[in-house]
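The values are calculated or read from the model by the stated rules, or taken from the named source; none is laboratory data. Not measured: the values here are computed from a predicted model. Quick reminder, even Gly has a Cβ in these numbers, built from the backbone with ideal geometry, and neighbours come from all protein chains shown.
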Amino acid sequence: MTIRRLELDYIAAPRRKRWLGYALLAVSLVVAADLVLRYRDARIELDRSETANGLLSTERGAPKAIPKQRLDEQVKNAESVVRQLTLPWAAIVHTIEEAAADDVAILQLQPEAQQRLLRITAEARDQQSMLAYVRRLAGAKRLFNVHLVNHRVQLDDPQRPIQFSVQARFEAAP
């Protein structure tokens, strides 16, 4: 014989079955997931159509006008870059390498394409090495008007090397 549960609380509503609530929760989650997927697909389709519309649209605004002064400045910059790129770099480097010596170190090469000038900053162990290097540069085939621009003794170095600058003109074509 089973004893029946005794209900003493007459104010509370009688308990309902829980499976009905769980079933309702599961159905609402499935519907929510379906709505999220539909929303995502609709957004993707909208983005595609807007992109296609923008690509096919013939109503494009005119490009903004660039002031003539700025345009001229950009043209000058572009021409300068082209001149730098069209320098006979291989010939210049080969000429400098031919004049190289163990007692002279090249520190910097500064070409000026428009004037066809080359400024070389170097360091030599002594004055005789410096002058011999300048003579070798002056004897190079592709360089002319070679001259010593300045020199100074590096007093802070214990070996006291001479840092100097040489300027030369170079040929336009290798």
Within the range 89-96, does at least one residue satisfy the condition of being surrounded by 10 or more Cβ atoms within 10 Å (Cβ to Cβ) and farther than 30 Å from VAL166 by Cβ?
no
For the range 115-174, give me each residue that is touching an Asp or Glu at 6+ places or on another chain (Cβ under 6 Å) and assigned to a loop (DSSP other than H, G, I, E, B).
ARG125, ARG142, PRO161
If you take the residues of the range 148-173 that are within 12 Å of LEU137 (Cα to Cα) and out of contact with any His (no Cβ under 9 Å at 6 or more places or on another chain), which of them is modelled with the lowest pLDDT?
PHE170
Quickly run through the range 138-174 and pick out the residues that are in contact (Cβ under 8 Å) with a residue 40 or more places away in the chain and aromatic (Phe, Trp, Tyr).
PHE164, PHE170
Within the range 107-124, track down each residue that is modelled with pLDDT under 90 and of a type in the set (A, V, I, L, M, F, W, C).
LEU109, ALA113, LEU117, LEU118
